[in-house]
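Some notes on the structure that comes next.
Derivation of every value follows stated rules applied to the coordinates shown; laboratory data play no part. Since the model is a prediction, treat every value here as computed from it, not as a measurement. Here Cβ is always computed from backbone atoms with ideal geometry, including for glycine, and neighbour counts include all displayed protein chains.
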Amino acid sequence: MTSRAGRATGWLLALGAAASGCAAGGGAGGGGAAAAGRWRALPEVAPQGEKCDTGSYVVADRAAARFARPAVVDDPRVTTGRKRSRVAVLVYDPILECEGGKRMVESTAGVDPVECSHILADVVREASWGYLTYEIAEVIVVDGYPTKVDGFRYSDETFLAARDKQEWQPSPASYRAMLVENGLLEKVQRHAIDEVWVWGCGGMHMDEFAMYIPNRHARFGPTDNGWLYRPYDIPPECGRTLWMMGFNYEVGPDNMVHSYSHRVESMGALQFGDGVWDTKGRDDPWNRFSRVEMDAPGSVSEVGNCHVPPNGQEGYDYANPRRVLCNADAWRHYPDLTGTPRLVSSQEWGGTHFGYQKWLLEHLPKFPGADAHGYFNWWVYIANTDEELEELGPAKGR
Ligand SMILES: [Zn+2]
């Protein structure tokens, strides 16, 4: 499998890695809130396996694990229209008095977290053909460092000393603390905020993404891959799914979209692979979408995955001029995947990391309808996971 074994390279290391009750009636064109997601009616299912570092339960023998996927019933109110997701951008950008009052973003020659967050919102709106509008509802800039799960929190002095020696305090950051300390938990509970995009720098020890999905084991299959589901210590009191992205202002927008693509991989494997990402062993829609020539030299590539483009020969191979036969065009009329493969190289996405991630996201299915695998609009799983995002309705002039 291409995938997670190698994922601790790249910028994850730079980070030191390691409502119910909305009124019904939002349908397409209607505006207003969505109906309560159907997941709320599912009986509670207990996890199988052992808990790992990401907070996910993993099973030793996935083939022996039991799972009955809930029946998929198309719901146009969910799969079509324009959904609004309200984002809180949370930036850990300490003022370094010892460096003349410079902020960390400036000290690290970092990118602008707010501008980059808007770039991601633009990418997703375009890639989802307008299904998903991320609205930056709130920006919180913290003069300090994330509290870790053991209660430790750096000061400027202890952080800079650790960075000089590259000897970091090893605990991961606490997602619970990020929410509680910044008044976000209550906003999540009442649907005023739908996602939190956290920005920091190397040593702050947050992951590329984290999510809590209530009753996850009734909704998605058990897994032997602890990276697919990453609840860490996001509080179950959220009462709903919460996505918390972890972006690094030291490494720029290409890595930001990269992190989002990893999130896509997780939801693809959880929904369509029932918790299994194995492009050689399975032929469900996700395992097919992410199949690349590198998995079976001489074969036809499908679209690819975050680390390996369809013509890639190793991870992060975004500028390779090699041409391979690729079936990516067929994904533009999913679930009909018939078509004639054509030669594709990195010219397809401009040979850049950012370009490839955007190209990958643009190939995700986003159509009305459903079959037994799931909705034909994969963005539901990726970003409207509880099927409760507000319906924006048609764009109106004044
Ligand atoms: Zn990666």
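If only the Cβ of Lys and Arg carry +1 and only the Cβ of Asp and Glu carry -1, the dipole of the range 258-372 around its Cα centre is close to 260 debye. In this label model, Glu237 and Phe67 are separated by 3.0 nm, measuring between points 7 Å along each Cα→Cβ vector.
Computed over every Cα-Cα pair of the range 70-207 and binned at 5 Å starting from 0, the pair-distance distribution P(r) comes out as 2, 9, 16, 17, 17, 14, 10, 7, 4, 2, 1, 0 percent. Expressed as a whole number of Å, what is the distance separating the alpha-carbon centroids of the range 85-99 and the range 331-398? The distance from the Cα centre of the range 331-398 to that of the range 85-99 comes to 31 Å.
With bins 20 Å wide beginning at 0, the percent of Cα pairs of the chain falling in each bin runs 28, 59, 13, 0. Computed from the alpha carbon atoms alone, the convex hull of the range 258-372 holds 96 Å³ per residue.
Dipole size of the chain about its Cα centre, with +1 on Lys/Arg Cβ and -1 on Asp/Glu Cβ: approximately 980 debye, rounded to the nearest 20. Ignoring lysines fewer than eight residues from Lys187 along the same chain, the ones with Cα atoms less than 20 angstrom from its Cα are Lys83.
For Glu138, the amide hydrogen comes within under 5 Å of the amide hydrogens of Val87, Val89, counting only partners 5 or more places away or on other chains and with H modelled in the peptide plane.
Couplings 3J(HN,Hα) of the range 292-308, computed from phi: 10, 4, 4, 5, 8, x, x, 7, 8, 6, 8, 8, x, 9, 4, 8, 10 Hz, in residue order, whole Hz [Karplus 6.51 cos²θ - 1.76 cosθ + 1.60, θ = phi - 60°; x for Gly and Pro]. Qualifying GluC sites (Glu not before Pro) in the range 240-348, where qualification requires a DSSP coil assignment and no more than 16 other C-beta atoms within 10 Å, comprise Glu314. Of the residues Met104, Ala192, Phe354, the one whose Cα sits farthest toward the positive end of the charge dipole of the chain, with +1 on the Cβ of Lys and Arg and -1 on the Cβ of Asp and Glu, is Ala192.
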